[in-house]
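One structure below.
The values are calculated or read from the model by the stated rules, or taken from the named source; none is laboratory data. Being a predicted model, the structure only gives us computed values, none of them experimental. Reconstructed Cβ throughout: ideal geometry from the backbone, glycine too, with neighbour counts over all protein chains shown. The protein model used for the area step is the full one, side chains on, heavy atoms only, and it has no ligands, DNA or RNA in it. Shrake-Rupley method; radii C 1.70, N 1.55, O 1.52, S 1.80 Å.
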Amino acid sequence: MVDFATTYLGIPLKNPLVVAASSISNHVDTVKQAEEAGAGALVIRSVFEEQIQFDQLRMEESLNIGAESFAEALTYFPKVEHGGLKEHLMWVEKTRAAVKMPLFASLNAVSPGAWASYAKQLAETGVNGLEVNFYAVATDLKRPGNDIERALYEVVESVRAEVALPIAVKLSPFYTSVVNVVSELEKRGANGVVLFNRFLQPDIDPDTETLVSQMVLSTPDEMRIPLRWIALLYGRTGLDLALSTGAHTGKDAVKALLAGATVVQMAAALLKNGVHYLSTMLIQMQGWMEEHGYQSIADFRGNVSQKNCDDPFAFERAQYVRLLLSQK
Ligand SMILES: Cc1cc2nc3c(=O)[nH]c(=O)nc-3n(C[C@H](O)[C@H](O)[C@H](O)COP(=O)(O)O)c2cc1C
């Protein structure tokens, strides 16, 4: 029997398969099923600041309308028809009460103060850690990249100052130097990084000449991007490395671990196959480990990282040049 046990952000997990922040956590029953199927941990979908700003705006509007009409109306509490912060916190608490596996809350804010404030409130729900989801599309032509990075560091510092819980920072792959950003995050008290967030790209329908914004799930090919960066980072950072994007099978999880991932997060594979698929992935991982004579995850984690693989240039430019020149 193989041993899947591992530690992520200082928290013991029974295995390295983590349900990624997604609509999977919209239903407590599904979260329970994920736990029964063997999930090592689960990240609850993010609370987004825009969602909360909308909530506050509506509340202020309602109070103002009431105040202008009659004084008693000040006691009127507007009905919130969408998920605001309070609803989200209640949801996280409800999920916490329903399962025993480690849970992570995720937040995505815009203004510096909001990050710390949401983090503090999420930390009080009893989750085991926080995922800071830095999903932002840089559209300002005048704003240089280092300014955006500085803002990220300030966010992480402000969250760190507010909560004692472990923090993982979920990054986009679009940094000039991913490795430098990871190293700077370590200095600022992060415990791990999630590589990477997957940007949903809008498409264009040429027939109707309109924009098409629809959710397209990842494919296994997309795993190569986080795989490379994890392989490059393994052994060079003290941060835990969570692979996110493109892991669809037990073998994909094995690949992530060979590159050096601490855990493997999955959304698309579980949305496509159902959360019970986690048990299939664990069987596939077990089969591979037995075939290769490994007893535990530590026996093979990082074996094909840049630090440990036969060809240290395989993850760098040299390999790219070699491949291009070898094409007839
Ligand atoms: C329906 C859906 C909802 C998602 N919601 C969130 C979210 O709330 N917060 C977040 O950080 N990522 C969210 N993601 C991104 C996933 O956590 C993950 O990073 C991405 O889907 C790539 O992983 P995958 O290839 O395993 O799907 C969502 C993804 C999907 C498909």
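Report the residue count in segment 190-231 for those that are in contact (Cβ under 8 Å) with a residue 24 or more places away in the chain and hydroxyl-bearing (Ser, Thr, Tyr).
Total satisfying the criteria: 2.
In segment 217-239, the qualifying residues are those that are in a helix (DSSP H, G or I) and more than 15 Å from the ligand (Cβ to nearest atom), and the one that is most open to solvent (accessible area, probe 1.4 Å) is Arg228. Residues that are within 16 Å of the ligand (Cβ to nearest atom), open to solvent by 20 Å² or more (accessible area, probe 1.4 Å) and either part of a helix (DSSP H, G or I) or over 15 Å from Thr95 (Cβ atoms) (or both) within segment 1-27 comprise Ser23, Asn26, listed in sequence order. Among the candidates Ala116, Ala136, Ala109, the residue that is open to solvent by less than 50 Å² (accessible area, probe 1.4 Å) and either of a type in the set (Lys, Arg) or within 16 Å of the ligand (Cβ to nearest atom) (or both) is uniquely Ala109. Looking at Ala164, Ala190, just one residue is closer than 15 Å to Phe134 by Cα and among the hydrophobic types (A, V, I, L, M, F, W, C), and that residue is Ala190.
Can you go through Gly302, Gly287 and tell me which one is away from the ligand (no atom under 13 Å from the Cβ) and outside any helix (DSSP H, G or I)?
Exactly one residue qualifies, and that residue is Gly302.
Name the residues in segment 250-267 that are open to solvent by less than 10 Å² (accessible area, probe 1.4 Å) and under 24 Å from Asp29 (Cα atoms), would you? Gly250, Val263, Val264, Gln265, Met266, listed by residue number. When segment 268-284 is filtered for residues that are outside any loop (DSSP other than H, G, I, E, B), touching a residue at least 40 places away in the same chain (Cβ under 8 Å) and either touching an Asp or Glu at 6+ places or on another chain (Cβ under 7 Å) or open to solvent by less than 30 Å² (accessible area, probe 1.4 Å) (or both), the ones remaining, listed by number, are Ala268, Leu270, Leu278, Met281, Leu282. Scanning segment 8-21 for residues that are in contact with a helix residue (DSSP H, G or I) (Cβ under 7 Å, 6 or more places away or on another chain) and either of a type in the set (D, E, K, R) or under 17 Å from Leu217 (Cα atoms) (or both) turns up just one, Val19.
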